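One structure below.
The values are calculated or read from the model by the stated rules, or taken from the named source; none is laboratory data. Not measured: the values here are computed from a predicted model. Cβ: placed from backbone, ideal geometry, glycine included. Neighbour counts: every protein chain shown. Remember, those area values only see protein heavy atoms, side chains included, never the ligands or the DNA or RNA. Shrake-Rupley method; radii C 1.70, N 1.55, O 1.52, S 1.80 Å.
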Amino acid sequence: MKKQLLSAVMLCTLGLVGCGDDTTPTPGNPDTGPKYNTADKISTYLEGKTLVMTGDNIPSHPNGYSEDTNLGPNTQCYVLVTMTVAGGQYRVVGDLGTLRETSPGVQKCDRTTKSGQSDFTTKTVLIENVKEDGSCFDVTYNFGIFKQMGRGQVSQDGKTLKVELFFENQATGSRCADGEVGAPTVIFNKQPFTGNAVQTYTIQ
């Protein structure tokens, strides 16, 4: 799979509605419960937003693949991933990191040195099976040449989007019915998944 796919993923990533981005209760806008607990609320809220993932918010295993493994053009090492949402579509731009050989045959992802860039825009985004408490939703990002599937969550303060994504047909147990975002329920390429694939984006 392509590292660029990841970017796209980092896409992870969605769209939504309802209360806009005002998450602060006021006399005219009381806090009546979860604000991002329907697909429309999520899509409406993310529309027009920029979402950024960098530093420790980048998982060790984007799309299920270790960032320290040399997969050629598909290596999942990143410095920065930026998603912009417009018209319900997600443009995912990934600044690719650099693999460094730390010892013979051993490499490590350098998240501070850019080596290239990927750029993908979704064709469609499907958000479904949203939990009533807003704790989890299923998401599928279709980029045309590949799909990313998994589960996500918008924090109730509206500041963070988390998405746990894998490429189509590579993982099971990665939906909300299996557990919350990051739960140890995933079977990746027919083996129990023990890495971290949760991408965390700051919503701007």
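So which lysines pass the test for K159, namely a Cα distance under 24 Å, with those fewer than 8 places away in the same chain ruled out?
Within the straight-line limit of under 24 Å, K159 reaches these lysines: K35, K41, K49, K131.
Using a 1.4 angstrom probe on the protein heavy atoms only, line up T202, T102 by accessible area, largest first.
The ranking, largest first, comes out as T102, T202.
Provide the solvent-accessible area of D133, counting protein heavy atoms only and rolling a 1.4 Å probe, rounded to the nearest 10 Å².
We get 90 Å² for D133.
Under 5 Å between amide hydrogens, which residues at least 5 positions from Q107 or on another chain qualify, with H placed 1.01 Å from N in the peptide plane?
When sequence neighbours closer than 5 places are left aside, the close amide H contacts are T102.
How much net charge surrounds G173 when only other residues with a Cβ under 15 Å from its Cβ are counted (Lys, Arg +1; Asp, Glu -1)?
Working: positive: R151, R175, K190; negative: D138, E164, E168, D178, E180.
Cβ neighbours under 15 Å give a net charge of -2.
On full extension of the chain, what length is gained from S155 through T194, given 0.36 nm per residue of separation minus the C-alpha to C-alpha distance?
11.6 nm
Starting from the Cα of Q89, step 7 Å along the direction of its Cβ; do the same at D110; then give the gap between the two resulting points in nm.
3.5
Quick check on region 94-204: what are the equivalent-ellipsoid semi-axes from the Cα gyration tensor, as sqrt(5λ), descending, whole Å?
Working: eigenvalues 139, 65, 47 Å².
Ellipsoid semi-axes (Å, largest first): 26, 18, 15.
Which lysines have a Cα less than 21 Å from the Cα of K114, not counting those fewer than 8 places away in the same chain?
The reachable lysines, counting only those whose Cα sits under 21 Å from K114, are K2, K3.
Taking 7 Å along the Cα-to-C-beta vector as the label spot, tell me the K131-Q117 distance in nanometres, rounded to one decimal.
3.7
Where does the charge balance sit around E101 when Lys and Arg score +1, Asp and Glu -1, over other residues with C-beta under 15 Å from its C-beta?
Details: positive: R100, K108; negative: E67, D68, D110.
Summing Lys and Arg as +1 and Asp and Glu as -1 gives -1.
Would you mind telling me the share, in percent, of accessible area of region 51-119 contributed by carbon and sulfur at probe 1.4 angstrom?
Ligands and nucleic acids excluded, carbon and sulfur give 50 percent.
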